[in-house]
Structures are given as C-alpha cells and as structure tokens.
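Since every read-out is calculated from the coordinates, none of them should be taken as a lab result. Because the structure is a prediction, the values reported are computed rather than measured. Don't worry about glycine lacking a Cβ; one is built from the backbone with ideal geometry, like all the others, and counts go over all protein chains shown.
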Amino acid sequence: MTEQPNFHYFECNECGFSSVQKADFPDKYDECPLCALDSGHFVRMSRRVCDSSDRPEGFDAREA
Ligand SMILES: [Zn+2]
C-alpha cells in the first residue's frame, strides 16, 4: 500500500461509483456521473489521496 499523492480517489456515497483523477482535478467537477445520469441528482463524491491498492470502478487517471 503506497500513497500516490499525485492522484485522488473519488467515491460516491450514494451508489458506490469510484474513479481516480489527478490531484489537481477541480472540485467543481466532483459530482457523481452515474447519479447524474440515473436520477439527475448532483451527488458530490468524497475525495482522498489515492493508494496504490485502489481499484476504481470507472476512470483511472493512472492508466491514462
Ligand atoms: Zn453516485
């Protein structure tokens, strides 16, 4: 388990969707895309420093 401070791990507390973005990803885009699509809800995802063991369900900026 190694912290990856250049990346942040995002997780939606409503539906569990997760993704990894660069650490400078703007806060204003941190709403969950699945919740927005499913129900038109804007749900802000929780955010923390990424760990090497994180396996996001969605986009992974580490592979880009
Ligand atoms: Zn969601």
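Normalised by the number of residues in the chain, what is the relative contact order in percent for Cα pairs under 8 Å and 6+ residues apart? List each step's numbers first, then the result.
Numbers: 116 pairs, mean separation 29.8, N = 64.
Here the relative contact order equals 47 percent.
Between Asn6 and Glu57, take the C-beta separation as r, use R0 = 22 Å, and let me know the FRET efficiency to the nearest 0.05. Mind dumping the intermediate values first?
Working: r = 20 Å, r/R0 = 0.93.
Efficiency computed from Cβ-Cβ geometry: 0.60.
In plain terms, the chain from Val49 to Asn13 could stretch by 11.3 nm, reckoned as 0.36 nm per residue minus the Cα-Cα distance.
A Cβ-based charge dipole, computed about the Cα centre of the chain with Lys and Arg at +1 and Asp and Glu at -1, lands at about 120 debye. Within the chain, the cysteines lacking any other cysteine Cβ closer than 4.7 Å to their own Cβ are Cys15, Cys50.
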